[in-house]
Amino acid sequence: MLRRIEPEKIICYNTPFPEMQGNIIYVDYERSSWRYMNYERGFQKEDLESFKIGGSFYTNYDTMEPYLIGKGGGSAYGGGWKPSKPEDYRLIGKPGEIKITYAKDGTKIETKIGKDGKAVAERHYTSSPNPKYHSNPHDHKINWESPRYGVPNFEKPHMNYWPDEYPGGAPEFKKYGDMIMNYVLNTFEDNKFTTISEFKECIIRGGEPVFRWNGIVYGVCFSDSGYCIACIDGNCEKMCNTPDDVLEYMVGNDRLRDVITKVNVISRTI
């Protein structure tokens, strides 16, 4: 019997050991990649030039994207997207309604549901994760097409309402139906990044995670110049072109790539 193999899982079956049948082994593709072979970790871009064959060239993007989906392909896990964590449920509902949720720190979030029962926009009443790039409030448009088809994507850049541009404040976040109060929150375990690929997928889709490592809080967002990672107050900022560049950021004495599955994730949009 054939069984579907999901991304980042290896399912063992028809083994000679009954106790192993059906076991699921989680694999972190990033940690098993060439980046972690000792004899290659020190290579720089120019070192790779010596390996050119037939005009091949260096490309600054991932060659391993377990979540890559083309239009019409459905979600990464087959079929339509379904909420897997408590806070995901704010992204679906009755057409026209606005759902209101509150984060653990009391931040108010309004989610507008479109005609098809899927979220089309959110308003966040906070300047997190970086006050340099986020007005309070600010809006996120949500689409279900790009960069990942069939799943919620928070479009980049988001909409800010700076006082000099909007002296009257942010325009009304119009509602078309009843409001629903939703107080169900993700646990720290729900928010945890179990693999490096999961973190990359989150920021590619505009997830803006906020996390704590060794007592210091950091945040990742997207600006006109690319991905931005910094302390939550905007200090120690680094602009990055790709998710892999973000993972090279030093959180204290540690490289983010080495500890991203260990950090305490305070919040993440998706």
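Side notes on the structure shown:
- Any hit, region 252-269, residues being touching a strand residue (DSSP E or B) at 6+ places or on another chain (Cβ under 9 Å), charged (D, E, K, R) and within 29 Å of TYR89 (Cβ to Cβ): yes
- Under the condition of being part of a strand (DSSP E or B) and either surrounded by 15 or more Cβ atoms within 10 Å (Cβ to Cβ) or in contact (Cβ under 8 Å) with a residue 40 or more places away in the chain (or both), the residues counted in region 239-270 number 7.
- For SER127, the test of being at pLDDT 95 or above and not hydrophobic (A, V, I, L, M, F, W, C) is failed.
- Verdict on THR269 being at negative phi and modelled with pLDDT of 95 or more: no
- Matching option when the condition is at pLDDT below 90 and out of contact with any helix residue (DSSP H, G or I) (no Cβ under 6 Å at 6 or more places or on another chain), among LYS112, LYS108, LYS45: LYS45
- Remark: LYS112 matches the filter, which requires a residue to be surrounded by 21 or more Cβ atoms within 10 Å (Cβ to Cβ) and farther than 17 Å from ARG268 by Cβ.
- Selected residue [closer than 19 Å to PHE154 by Cα, of a type outside the set (Val, Ile, Thr) and at pLDDT below 90] from GLY74, GLY78, GLY117: GLY74
- Restricting attention to region 119-133 and to residues that are more than 17 Å from the chain's Cα centre (by Cα) and assigned to a loop (DSSP other than H, G, I, E, B), the residue that is farthest from GLY219 (Cα to Cα) turns out to be TYR125.
The values are calculated or read from the model by the stated rules, or taken from the named source; none is laboratory data. Please read these numbers as outputs of a predicted model, since none were measured by experiment. No Cβ is skipped: glycine too gets one built from the backbone with ideal geometry, and neighbour counts run over all protein chains shown.
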